[in-house]
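As structure tokens, the structure follows; a few thoughts come after it.
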Amino acid sequence: MSNALAVPSIGTSIRSVNDYIVAVNRLPKLNAEEERRLATRFRLQNDLEAAKQLILANLRYVVPIARGYLGYGLPLADLIQEGNIGLMKAVKRYDPAVGVRLISFAVHWIRAEIHEFILRNWRIVKIATTKAQRKLFFNLRKARKKLNWLSQNEAETIARDLGVKVETVREMEKRMNSHDMAFDGSMDESEDPSPAPAHFLSAAAEADPACQLEELEWRRIEHQQLQRALTQLDDRSRDILQSRWLGERKVTLQELADRYGVSAERIRQLEKNAIKKLKSLMAAEAV
């Protein structure tokens with residue numbers, strides 16, 4: 001992908017990623033009412049100008065998300081570009097009637113598009129699955145001067161410099177030199193009679209990686225918002241919600257009433273108020 005960032009016009013000359021970041025941060029933001037009005041126009045009237053304004057106002061938020069993936073060694077411009085595509089997809093699907101801000105809805109679309117880009121363009125997702133392995137991967141790639149295998153002395157030197165075992169260096173080297181099997185197989189089955197991995201899937205639609213990734217990302221975001229909102233509740237309200245809804249066993253109203261020396265009806269009222277406040281805190285965070 002080109003480093004040129006293809007986004008709706010932002011009214012300035014863009015020569016570098018830094019220029020782009022400065023430009024999008026200067027674009028005006030939308031308040032909740034303006035965003036709702038524009039989203040409604042686009043959803044009901046297919047007003048493309050409204051969609052463009054929604055996209056432009058939220059481009060700034062794609063940049064920090066994309067920066068979080070710089071560890072994969074891919075250009076920031078490409079990561080931002082893919083994130084922008086995710087934002088555009090989110091705008092197309094956004095329903096203002098749900099009551100959340102666009103960027104809260106769009107985050108998992110932005111991340112999903114970046115994830116897919118990484119999967120398409122870089123094998124580190126498979127090669128290095130832990131933080132330690134990723135560190136070794138990048139340092140090993142930098143340390144290797146040739147495409148042939150490392151000598152024993154070179155492997156020992158790298159292991160000593162990085163503080164890992166020689167066996168770990170050798171294992172990572174094997175991963176870096178391995179070849180991927182084509183998921184769908186070759187175009188001509190006569191060239192390779194062995195079945196491709198895709199042939200073992202009984203229902204491809206039910207195992208769509210993009211859909212699974214989006215669902216997992218959305219759940220992770222919701223969980224983080226919930227945990228942050230819970231910390232802002234008073235101790236009693238937090239304990240009631242955790243006991244009633246977040247524990248392995250759902251504690252009864254009477255059990256909580258006995259714990260706090262009040263009636264079960266009072267616990268029900270406290271629970272209702274705590275849920276209402278929790279929703280308010282999560283909605284405020286999403287703005």
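The values are calculated or read from the model by the stated rules, or taken from the named source; none is laboratory data. The structure displayed is predicted, hence computed values, not measured ones. Because the Cβ atoms are built from the backbone with ideal geometry, glycine has one as well, and the counts that use them run over all protein chains shown.
A few remarks follow.
- Search result, residues across the range 219-274 that are of a type in the set (Val, Ile, Thr) and either out of contact with any helix residue (DSSP H, G or I) (no Cβ under 7 Å at 6 or more places or on another chain) or at positive phi (or both): Thr231, Thr252, Val262
- Screening Asn139 on (1) outside any helix (DSSP H, G or I); (2) at pLDDT below 85 shows it passes everything except condition (1).
- Of all residues in the range 79-112, those satisfying the criterion of being over 16 Å from the mean Cα position of the chain (by Cα) and assigned to a helix (DSSP H, G or I) are Val91, Lys92, Arg93, Pro96, Ala97, Val98.
- Residue identified as surrounded by fewer than 22 Cβ atoms within 10 Å (Cβ to Cβ) and either within 23 Å of the chain's Cα centre (by Cα) or in a helix (DSSP H, G or I) (or both) among Val62, Val22: Val22
- Residues considered: Ser202, Ser186, Ser194. Of these, the only one that is at pLDDT below 90, assigned to a loop (DSSP other than H, G, I, E, B) and within 29 Å of the chain's Cα centre (by Cα) is Ser202.
- Note on the range 259-268: residues that are part of a helix (DSSP H, G or I) and exposed (fewer than 12 other Cβ atoms within 10 Å of the Cβ) total 1.
- The residues of the range 239-254 that are more than 28 Å from the chain's Cα centre (by Cα) and surrounded by 15 or more Cβ atoms within 10 Å (Cβ to Cβ), listed by number, are Asp239, Ile240, Ser243, Arg244, Val251, Leu253.
- The lone exception for Glu217 - which of (1) surrounded by 15 or more Cβ atoms within 10 Å (Cβ to Cβ); (2) at pLDDT 75 or above; (3) of a type in the set (D, E, K, R) it fails: (2)
- Residues (among the hydrophobic types (A, V, I, L, M, F, W, C) and surrounded by 23 or more Cβ atoms within 10 Å (Cβ to Cβ)) located in the range 67-83: Leu79, Ile80
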